[in-house]
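The next block holds one structure in the form of structure tokens; read it before the comments.
Throughout, read-outs are computed from the coordinates displayed, never taken from laboratory work. These figures come from a predicted structure and were not determined experimentally. We place every Cβ from the backbone using ideal geometry, glycine too, and count neighbours over all the protein chains shown.
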Amino acid sequence: MVDSKKWVLMATAQTPTNIAVIKYWGKRDETLILPVNDSISVTLDPSHLCTTTTVAVSPGFEQDRMWLNGKEISLSGGRFQSCLREIRSRACDVEDKEKGIKIEEKDWEKLHVHIASYNNFPTAAGLASSAAGFACLGNVQVYLFFSLSFIIFVFWGCYAYILKVHWWKIDDDFFSLAKLMNLKENPSQLSAIARQGSGSACRSLFGGFVKWIMGKDENGSDSLAVQLVEEEHWNELVIIIAVVSARQKETSSTSGMRESVETSLLLQHRAKEIVPKRIVKMEEAIKNRDFSSFAQLTCADSNQFHAVCLDTSPPIFYMNDTSHRIISYVEKWNCSEGSPQVAYTFDAGPNAVLIARDRQVAAQLLRRLLFFFPPNSDTDLNSYVLGDKSILHDAG
Ligand code: ADP
Ligand code: DP6
Ligand code: CO
């Protein structure tokens, strides 16, 4: 390693969030973050709903430090330490001939990192910021993502992210700590590292539909994420996220699920009897692009997860009245059509993730949301349209 303290090496990564359609809720090992059941999620558009993390390393840094959304946070927690330790232990030689810098494997133990991370969506509000955050710290190589257009609008104190689903491939490398330290691991192996930061993070290492296999090994080596279907598999789907509240939730996912494991009998039943069967059916539905089964399973699983929260002592309320109104509304619509048009799912927060079967349904959904949750009179709707405006046009 060159001994000058003047150099700084930096790497930046951008990682999307993911939303579970079969939820992870409960750990069998708190330290290694091993879940009580498998889960399946969909990875969202990385260009709009994502975490951007820059990691810098320099012999001039005296300690590891991190800033989240511009505010310094402590890195003393076990999760950050686990991720840093796991990545450092796998770090390889890095050489920048132009600048005359060579870092050898053994040097990484002595070098400190500075990490700056920014979420472009609400943090700790049930939109899986911990998933995007820790996956980003971990790393991403090549993604296959849902994406295309992106719209935010404000309605009745809510705003919505509208993601037209479209598969696309990012060919560039996206790098952060693992890239900076030149790790050779594949995405599934990296997912096992991201898992130790936040369980849901392991699923953000892939695009599209992703399964987190709970694994059997008590050291966690087989608890990792795999991509379920190939790119372009189900690109008719459109995801709309209605942000009911961007406020930080009162009970973090980590402590909420800990309390559920300790007190909810329904959680035990769900993990052992319900989820294993649901996972099989959900994989089938995704493989066959069977929207009716997909929607039925997604909604049922979201409702059961929130039932577990209610079955927890003391009960945890993540949804609010607006969330409930959205559920009733979608249920009525699906019932009147005779088959599901829209699936809903709510993570540990009040915000709705709505999955429409195609673009026409999404436009209709948007129109109806605007009707039931009218825009504030002083809101200029179009000024919030950031992406492909045509879907808003379709909505009338
Ligand atoms: P969410 O529903 O947003 O995932 P959680 O309660 O699961 O909420 O996690 C929120 C916590 O995740 C934050 O308090 C913070 O500790 C961590 N987190 C969020 N964003 C990041 C990030 N970009 N990098 C690292 N950690 C993050
Ligand atoms: C409701 O992954 O945030 O979003 O592992 O303790 O960090 P920790 O929890 P986290 O929990 C996510 C819970 C969920 C469901 C899911 O994403 O599967
Ligand atoms: Co989380």
Next on the checklist: Show me, for the stretch 101-113, the HN-Hα J-couplings you get by feeding each phi into the Karplus relation (A = 6.51, B = -1.76, C = 1.60, θ = phi - 60°), rounded to Hz, glycine and proline as x.
Outcome noted: 10, 9, 10, 8, 2, 5, 5, 4, 4, 8, 7, 9, 10
Checklist entry - What order, most packed first, do the peptides 208-214, 82-88, 193-199 have when packing is the mean number of other Cβ atoms within 10 Å of each residue? => result 193-199, 208-214, 82-88
Checklist entry - Within the stretch 1-117, what is the number of lysine pairs with alpha carbons under 27 Å apart, leaving out pairs fewer than eight places apart on the same chain? => result 17
Checklist outcome for this item: Where a ≥ b ≥ c are root eigenvalues of the Cα gyration tensor, a/c under 1.5 meaning rounded, otherwise prolate if a/b exceeds b/c and oblate otherwise, the stretch 14-98 counts as prolate
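In the stretch 248-360, how many lysine pairs have Cα atoms under 28 Å apart, counting only pairs 8 or more places apart or on different chains?
Lysine pairs meeting both conditions in the stretch 248-360 amount to 6.
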Item to check | By average C-beta atoms within 10 angstrom, highest first, the peptides 290-298, 68-76 | outcome: 290-298, 68-76
Checklist outcome for this item: Note, the stretch 26-41: 3J(HN,Hα) by Karplus (6.51, -1.76, 1.60, θ = phi - 60°), whole Hz, Gly/Pro = x, goes x, 10, 9, 9, 5, 6, 7, 6, 10, x, 8, 8, 5, 9, 10, 9
Checklist outcome for this item: The extension gain from I274 to E337, computed as 0.36 nm times the residue separation minus the Cα-Cα distance, is 19.9 nm
Item to check | the stretch 215-363: relative contact order in percent, alpha carbon pairs under 8 Å with at least 6 residues between | outcome: 34
